[in-house]
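What follows is a set of notes on a single structure, which appears directly below.
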Amino acid sequence: MRLSLPEAATRPCALAVLPAEPTAADLDAAYVQRGAQILACDGARRLAVETLLAERAMQDARISEAAKERP
């Protein structure tokens, strides 16, 4: 059985970029925005890993049950 990865886990992470000639305000805004984007991206990565580990645990349980049923 395969679990579906949540859409957030498969979407590329966006990162803010600076304009050609950034001001100090642009730098401050991008710093804050990137921090939030990195947190969101890390959450999506964590979700993908948790889904993969759950899928593997289900597969291991199925293999274990099948081995118990064999004579």
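In a Gaussian network model over the chain where Cα atoms closer than 10 Å are linked, find which of A24, A36, A57 has the largest mean-square fluctuation.
A24
Report, to the nearest 10°, how far helix 24-69 tilts away from the longest principal axis of the Cα atoms in the chain, using its own Cα long axis and a range of 0 to 90°.
Computed tilt is about 0 degrees.
Kindly provide log₁₀ I(q)/I(0) values, in the same order as q = 0.11, 0.14, 0.23 Å⁻¹, from the Debye equation applied to equal alpha-carbon scatterers of the chain.
-0.48, -0.61, -0.95
Under a point-charge model restricted to the Cβ atoms of Lys and Arg (+1) and Asp and Glu (-1), what is the dipole moment magnitude of the chain relative to its Cα centre, in debye to the nearest 20?
Details: 9 positive and 10 negative charges, 91 e Å.
Dipole of the chain, to the nearest 20 debye: 440 debye.
Quick one: pull the percent of accessible area on the chain belonging to carbon and sulfur, 1.4 Å probe, ligands and nucleic acids left out.
Values: 3600 of 5890 Å².
Reported share for carbon and sulfur atoms: 61 percent.
Excluding ligands, DNA and RNA, what is the solvent-accessible area per residue of the chain at a probe of 1.4 Å, expressed in Å²?
On the way: 5890 Å² over 71 residues.
Each residue of the chain exposes 83 Å² on average to a 1.4 Å probe.
When only C-alpha pairs under 8 Å and at least 6 residues apart count, what is the relative contact order of the chain, in percent?
Working: 35 pairs, mean separation 32.2, N = 71.
Taking the mean separation of contacting Cα pairs over the length of the chain, I get 45 percent.
I need the trypsin sites (Lys or Arg not before Pro) found in the chain, filtered to DSSP loop residues with at most 11 other beta carbons within 10 Å of theirs.
Passing sites in the chain are R2.
Label-point separation (nm) for V32 and E55, each offset 7 Å from Cα along Cα-to-Cβ?
Modelled inter-label distance: 3.8 nm.
The values are calculated or read from the model by the stated rules, or taken from the named source; none is laboratory data. Fair warning: this is a prediction, and the values are worked out from it, not measured in the lab. Neighbour counts are summed over all protein chains in view; Cβ atoms, including those assigned to glycine, are modelled from backbone coordinates with ideal geometry. SASA here: full protein model, heavy atoms, side chains in, ligands and nucleic acids out. Shrake-Rupley method; radii C 1.70, N 1.55, O 1.52, S 1.80 Å.
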